[in-house]
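Notes follow once the structure below has been shown.
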Amino acid sequence: MSKIWLIAQREYLTRVRKKSFIIMSLIGPLLTVALFAVPVLIAKMSDSGKVVAIADAGGLFADRLPEPKDDISFTRVSADLTTAKEEFKKGKHDALLYIPKLDISNPSGFQVFSRKGLGMSLENDINRAVNKAVENQRLRQAGIDRNVLDNMKADVDLQTVSLSDDGEKSSSTGISTAIAYVCGFLIYIFIFIYGVQIMRGVMEEKTNRIVEVVISSVKPFQLMMGKVLGIAGVGFTQLALWVVLSMGISSVMAGSISPDKIAEDRAARTTAVVRPTTSQDDAAKKENVATKFTQALKSADLNVPLIVGCFLFYFLGGYLFYGALFGAIGSAVDSETDTQQFMMPVTMPLVLTFVVSQAILTTNPNGQVAFWMSMVPFTSPIAMMMRLPFGGVPAWQLGLSMVLLIAGFVGAIWFAGRIYRVGILMYGKKVTYGELSKWLFYKG
Amino acid sequence: MKPILQAIDVRKQYANHTALDGVSIDIPEGSIFGLLGPNGAGKTSLIRIITQITGADAGEIRFRGEKLNPSHIGQIGYLPEERGLYKKMKVGEQLMYLAQLKGLSKADAHGKIRYWLDRFDIKSWADKNVEDLSKGMQQKVQFVATVVHDPTLLILDEPFSGFDPINANLLKDEILALREKGVSIIFSTHRMESVEEMCDYIALINRSRKVLDGKVSDVKNAYRNQTYEIEGKGHLLVAHPDFGVLDQKKRENDHFYAQVQLHAGTSPNDLLRYLIGAGNVEVHGFREKVPSINDIFIQRVRETHPDYVPETDSVPA
């Protein structure tokens, strides 16, 4: 046992000290944070406050100009198209919208002039503003007040409640799906990254021929287990660093680019151009979204300790199961190119679970397919983690899945150990499946 | 002398190949034991059983009279034919790791590593990565890794391959010094001439079987065949009732070289007397032709396998 510990220690320390590990540990969280922060930053920076001039010959905006939106504001210019164009050429407006004299039931002939291309969002905004104005005119003709109509529009949130033996539990499918994906993806990516590291490590020892020296001191099984456990430690360290650093970085970032602050900035800028009241509405709306999200998180009533606990279990269990198999592959081949034929059957179920998860697991988390996938050790680490956040997994299923996974990795480690002890001393031979199966039954 | 290690009727069978077919050897304590044989004879298979990398299918290995078991690992040092170290690990850390795997405590290992690095004058390498060392330097480090835990039985598989002549000599002295300290050494090689002078005992292995073993001097004595080498001036008559000329070569200026086998009842002095007297040659050199281990091996193998062709490059399974 102490030798396994020694080996695990070496595997851990040599990997953690590598530059690539340190870089990965820093880049991972930065990428995660960037994923969320960049859209916000872009939104903050790109809107330079575009101004659209309106030549309103048709009188569509006679009583009021469209409300500024997304930092696009509107201003009125001469209703005569030719003078408006002349002015536009000299002026500093970004676009010129011409409203012709129109028949409100069949409006046509709107024109937008711009110096450069308009850009999708600006065009959309102008289009929307015009549509809305036309709608308003029509509503007025029909004698309907805009406000009355707005009040009639429904904006309903469904609160989904799962009924189980424990009583009613409200859940939020959106949040559950997000958590399911994050858990599933993390397990998937870590099994791949660290499984392949085990394989490479074994191959390195084999091609370096150090293995013969080492296994004259320890049993091949100890060497393999030490490697698997040491690399597991590296994986956990990386995960922990990612979580801690991501939280650290995002909390620092949040201080400078919180949505509230952006809204304030925007309000300050837009009021200078047009009217103040509307932008405050905007901010209020945004705040509403934020509170909705936190409410959803709360109302989802996720069993957080259970999910975190199970995540750690399946993370480790899945890794040990696949790690042992990857180790066996590494021992059976001489070079990276030979790994392909053996990698396929090992990685297939892993990839399959992840692909299938979209179609089946998250849409029908308690169906037949989901049930079986969360039992078989090849697929259960990902499948079960994608079912759990939706709730409704009976305790016996979870227990059975865990027991099967433990049995699975004990079996996988036994199987890998048999292959490994023969494989690491086998050089210059292309190994076939038939041969592998013979290795299983070799004596000591 | 009491054997430190005994192999008793050891058998090892691979899928379609018998690696060892009932091999028995005794390694006397404090000696250098040559395990000789061509490539693929089964030497490495035997060594892997002794180092407990694999197990024997049948037979037994005894270490100091005890059945070989994992508690003996710390007493055995093994230098495999295919050398290998972790390339990206520092020399000092690597030695520490390998010593600890052999069961040494950190403090013990520290002192011993120091001693050996000093001895080979390679202390300044301790903080270098192995991949930054030359091949010869790596070989030295590998040797230190083999002996750092003070093994009582040292197994060296082709120890001189990859060493330049100077370092080979250094290594040879080191091996002899270890024997002086009482370490028993198994020396495995297919280049028999290279170790003849160092070995006290030998075993010859061919095609999974031991064909010959014993003390080097005894083996050689047993294979002496009353043949003498003569160098001189003049010309040696071919026909004589007391001896037969096996081979005679003419050299420049009326010189010659000849191998002469004495018939039973004739002593080397009789031959000398004849040469000086009736033979009418001027003798420049006269010595007994002792068969080399290589000669003995080939002779022995020809006796058992008349169709023997020396193997050159079969792959050990």
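Read-outs throughout are calculated quantities, based only on the coordinates presented, and are distinct from any laboratory measurement. These numbers were taken from a predicted model, which means no experiment stands behind them. FYI the Cβ positions are ideal-geometry reconstructions off the backbone, even for glycines, and counts take in every protein chain you see.
Points worth noting:
- In terms of other Cβ atoms within 10 Å, B:292, A:437 run from fewest to most in the order A:437, B:292.
- For the peptides A:195-208, A:118-131, B:152-165, residues were scored by their other Cβ atoms within 10 Å and the scores averaged per peptide; the highest-first order is A:195-208, B:152-165, A:118-131.
- Couplings for segment B:29-37, taken from phi via the Karplus curve 6.51 cos²θ - 1.76 cosθ + 1.60 with θ = phi - 60°, read 5, x, 10, 9, 10, x, 9, 10, x Hz in order; Gly and Pro are left as x.
- FRET efficiency, residue A:42 to residue A:433 (Cβ-Cβ, R0 45 Å, nearest 0.05): 0.30
- Amide hydrogen neighbours beyond the local backbone of residue B:186, cut-off 5 Å, H modeled: B:33, B:154, B:155, B:156
- Mean projected area of the convex hull spanned by the Cα atoms of segment A:49-152, taken over all viewing directions: 6.9 nm².
- Each principal axis of the Cα atoms in segment B:225-288 has its own extent, and those three values, largest first, are 34, 21, 20 angstrom.
- Candidate cross-link partners of residue A:101 among the lysines, defined by an alpha-carbon separation under 29 Å and a same-chain spacing of 8 or more, comprise A:50, A:69, A:85, A:89, A:90, A:92, A:116, A:132.
- Trypsin sites (Lys or Arg not before Pro) restricted to DSSP loop in segment A:375-444 with at most 15 other C-beta within 10 Å: A:429, A:430, A:443
- Per the Debye calculation on chain B with a single equal scatterer at every Cα and no solvent contribution, log₁₀ I(q)/I(0) for q = 0.13 Å⁻¹ amounts to -0.98.
- Inter-site label distance for residue B:105 and residue B:132 at 7 Å from Cα along Cβ, in nm: 3.2 nm
- Summarised in one figure, the compactness ratio Rg/Rh of the protein assembly as shown, Cα atoms and Kirkwood Rh, is 1.25.
- Across segment B:73-79, coupling constants 3J(HN,Hα) worked out from phi with the 6.51/-1.76/1.60 Karplus curve, θ = phi - 60°, read 4, x, 9, 10, x, 10, 10 Hz, and Gly and Pro carry x.
- For the segment B:8-15, counting C-beta atoms of other chains within 10 Å of every residue's C-beta and taking the mean gives 1.
- Net dipole in debye of the protein assembly as shown [+1 Lys, Arg Cβ; -1 Asp, Glu Cβ; about Cα centre; nearest 20]: 980 debye
- Mean per-residue shielding of peptide A:402-413 is 0, counting Cβ atoms of other chains within 10 Å of each Cβ.
- For segment B:3-221, with +1 on Lys and Arg beta carbons and -1 on Asp and Glu, the positive-most of B:3, B:107, B:17 along the dipole: B:107
- Set B:2/B:67; A:429/B:67; A:19/B:140; A:206/A:227 screened for pairs whose C-alpha atoms are more than 25 Å apart: A:429/B:67; A:19/B:140
- Note on A:320, A:241: ascending count of other Cβ atoms within 10 Å places them as A:241, A:320, the fewest first.
- Mean ellipticity per residue at 222 nm, deg cm²/dmol - from DSSP H runs of n ≥ 4 across chain B, formula -39500 (n - 2.57): -8500 deg cm²/dmol
- Peptide B:82-91 is shielded by partner chain Cβ atoms: per residue, an average of 5 of them sit within 10 Å of its Cβ.
- DSSP beta bridge pairing in the protein assembly as shown, given as percent antiparallel to the nearest 5: 65 percent
- Counting other Cβ atoms within 10 Å as a rough exposure proxy, the listed residues B:115, B:97, B:78, B:223 run B:115, B:223, B:97, B:78 from fewest neighbours to most.
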